Amino acid sequence: MRAYEAVQAARSNRRPTAKTYIDRMIDGFIELHGDRRFGDDHAVIAGIGLLEGAPVTVIGIEKGSTTDEKIYRNFGQANPEGYRKALRQIKLAEKFHRPILCLVDTAGAYPGLGAEERGQGEAIAENMYELSTVRTPVLSIIVGEGGSGGALALAVADEVWMLEDAYYSVISPEGAASILWKDSTQAERAAECLKLTATDLKSLGVIERIIPTTDLAGAHMDALRAAVASKLREKQALDTYDLLEERYQRFRKMGGDFQ
Amino acid sequence: MNRNLFGWGQADTAAKPVAPQLPKPPEQPYTSCPECKSLYLSEELHRGGGVCPVCNHHLRIPARARIAFFADPGSFWEFWPELQGGDPLDFPNYVKKLTQARIKSGETEGVITGECTIGGNQTCIFAMDPGLMMGSMGSAVGEKITRLFEHAAEKQLPVVGFCLSGGARMQEGALSLMQMAKTTSAVKRHSDAGGLFVSVLCDPTTGGVMASFAMEGDIIIAEPNALCGFAGQRVIEQTIRQQLPPGFQRAEFLLEKGFVDMVCDRRELRGRLAEILRLHRREAE
Ligand SMILES: [Zn+2]
């Protein structure tokens, strides 16, 4: 798949959102709201439920499907309170030894006035900081857009998986094109340069697994449910020390070993 | 690379202190203050820490000049000066751009790392360089900062970090993004080992650096009027379709919103850092 095709597919209106995955994969999902600091960010859905019979914490960045929903979800662009809402659930998951599943689908953290006033940078940093040593398994799946720091804030994990037609990038192709060539219409070219497809990222060692998408009705989600459950069981069987050491080394080697 | 008996191993990341190179003479012999236009001899200005004596504007100074200003004379030993990144994505024009920046700045990478004393207190130190692609965080920058925190954790030393960065280095794509997680993990380990990290936000500290180690200090100090934020101002203006209020994302704004511990004049910062380090001194066990 060409890079820009993946970008377009990831942004498609017909694409299943995080909520669809939760409905399809998690039994008896109970949504838990709010960050206990400022408010409840509707761009982030967080809660608990059962995955193949085992309790799991699920955190998803939700874009919404209809126009009204999209507005309600702020188009899947979280504010700091969204990341702090996620962090509260991460802490609860650690306390109750529940593994964490993150479903990432965002163009990026919301670039707004209030977001900066409430510390968007600090909120993202804090999530990564805590996730790096949270004493329970974390699996993140880029189900659509993996937009920069706003996506990484929920992807400091033991493994990161990606849908085959998703993308994960340090900057949007439009943003890169306008910096590189002062021309945001060159996004297609920029997307190629950024190596943002699942295949590229697997070969760069940024992700572990590519999830085939069979159709938009979401038949792949049943296979995904089994794969996620099995991976989380595998990680839960690890000694905490080994789990955290492996997570540390996972990121430690990224970018080369600089002999 | 050190290979063990099994033919596989990890890079040798241990710190081997080397005497730092002398700062490259400033490219422009004269610098004019961007605020009040007063004209200074660049070398003299750097020696004084790069603060305009007329209007107190804090100029961007090279990382090496910054370390020379803050470290006790002769105390700085540099780590991994040769470490440099490649072009992992084969990105158009990256090698050319990086080479030009290296020649112009006299630095191989966007951060200088090492150990020094400040007011007699032993500490690890890093300073990011505006001349090398505005301190953007490529893999080598992430690697040097990660190694420094690992070294500091092992030697039970604090870290004083001068953050100055436009954010991620786009030309290294997702590998640049991953440096946020890599450095963060090392900062966390250093913290869990009881280490102190004083983060100093210099102008500018934005994007992926703001959203990682810059905001992970136990104590965060911002330089006066330094631009510190996550999203770029132009992007915010386009999103909210209105002009940003004056002072938005500046150091004083962050202090007001509760995200930094203090705003400190660079000329007083040295003494302030020394006091903080002294208060956190760990007696030899
Ligand atoms: Zn001036």
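Here are the numbers:
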read-out: Where a residue in segment B:28-50 is in contact (Cβ under 8 Å) with a residue 40 or more places away in the chain and more than 14 Å from chain A (Cβ to nearest Cβ) and its partner, wherever it lies, is assigned to a loop (DSSP other than H, G, I, E, B) and more than 10 Å from the ligand (Cβ to nearest atom), with Cβ under 8 Å and at least six apart; value: B:G49/B:I61; B:G50/B:R60; B:G50/B:I61
read-out: Residue among B:A101, B:A71 that is away from the ligand (no atom under 16 Å from the Cβ), among the aliphatic types (A, V, I, L, M) and in contact with a helix residue (DSSP H, G or I) (Cβ under 7 Å, 6 or more places away or on another chain); value: B:A101
read-out: Number of the exception - B:T117 against (1) touching a strand residue (DSSP E or B) at 6+ places or on another chain (Cβ under 8 Å); (2) surrounded by 20 or more Cβ atoms within 10 Å (Cβ to Cβ); (3) within 23 Å of B:G271 (Cβ to Cβ); value: (2)
read-out: Failed condition for A:K85, given (1) surrounded by 19 or more Cβ atoms within 10 Å (Cβ to Cβ); (2) under 20 Å from A:V160 (Cα atoms); value: (2)
read-out: Test: residue in segment A:202-219 that is part of a helix (DSSP H, G or I) and surrounded by 21 or more Cβ atoms within 10 Å (Cβ to Cβ); value: no
read-out: Entirely in segment B:59-142, the strands (runs of 3 or more DSSP E) that have 2 or more residues that are within 13 Å of another protein chain (Cβ to nearest Cβ), under 16 Å from the mean Cα position of the chain (by Cα) and free of Cβ contacts under 8 Å to residues at least 40 places away in the same chain; value: none
read-out: Hits in segment B:40-67 - residues which are of a type in the set (A, V, I, L, M, F, W, C), within 13 Å of the ligand (Cβ to nearest atom) and out of contact with any helix residue (DSSP H, G or I) (no Cβ under 6 Å at 6 or more places or on another chain); value: B:L45, B:C52, B:V54, B:C55, B:L59
read-out: Residues satisfying the stated conditions in segment B:184-226, i.e. away from chain A (no Cβ under 11 Å) and either farther than 21 Å from B:L157 by Cβ or part of a helix (DSSP H, G or I) (or both); value: B:H190, B:C202, B:D203, B:P204, B:A222, B:E223, B:P224, B:N225, B:A226
read-out: Selected residue (only one of A:K235, A:K253 is away from every other protein chain (no Cβ under 14 Å) and either farther than 30 Å from B:I145 by Cα or among the charged types (D, E, K, R) (or both)); value: A:K235
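Bear in mind that the values in this text are calculations on the coordinates, not laboratory data. Since the model is a prediction, treat every value here as computed from it, not as a measurement. All Cβ positions, glycine included, derive from the backbone under ideal geometry; neighbour counts span all protein chains shown.
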